[in-house]
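Here the structure comes first, spelled out in structure tokens, and everything after it is commentary.
Every read-out reported here was derived from the displayed coordinates using simple, explicitly stated rules and does not represent laboratory data. Just so it is clear, the model here is predicted, and its values are computed rather than measured. Every residue, glycine among them, receives a Cβ derived from its backbone with ideal geometry; neighbour counts consider all protein chains shown.
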Amino acid sequence: MNSTFILRQKVSSVLASWNPIGVPAEIAREEYESYVEPIITIGNNPQVLKSYVKKLVSETMGLDYSDENAGNRAEIDAFVRELVEIFEQERSGR
């Protein structure tokens, strides 16, 4: 299996687990598939990933997001940390 396929699968899995709009689990991967490639393109850049995810949540998905809300920030931060971990594992060959 090539590393690009594995990376796509890992990012897709994290997106499906995060599931910010709360779709049924059986369709979550499909629901968020269009966000996998932009996330991979950004890669291991936490600040840019965080900015992209905030915009994704508030503008693309139309969800309420506020930097002043500690819960919002914590959720985005945790999601971005998971993505960064995937990219670091990919870089180190794990």
**Study point:** Nearest-20 debye value, the range 3-92 charge dipole, Cβ charges on Lys, Arg, Asp, Glu
**Key:** 240
**Study point:** Among Gln9, Ser92, Met61 - extreme Cα towards positive end, dipole of the chain, charges at beta-carbon
**Key:** Ser92
Review point. What does the helix-only formula give at 222 nm for the chain: each DSSP H stretch with n ≥ 4 adding -39500 (n - 2.57), the total divided by the residues, and the result rounded to the nearest 500 deg cm²/dmol?
Key: -21500 deg cm²/dmol
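What length, rounded to one decimal in nm, is gained on full extension from Glu88 through to Ser51, with 0.36 nm per residue of separation minus their alpha-carbon distance?
Numbers: separation 37, 0.36 × 37 = 13.32 nm, distance 1.90 nm.
Once the chain is fully extended between Glu88 and Ser51, it gains 11.4 nm.
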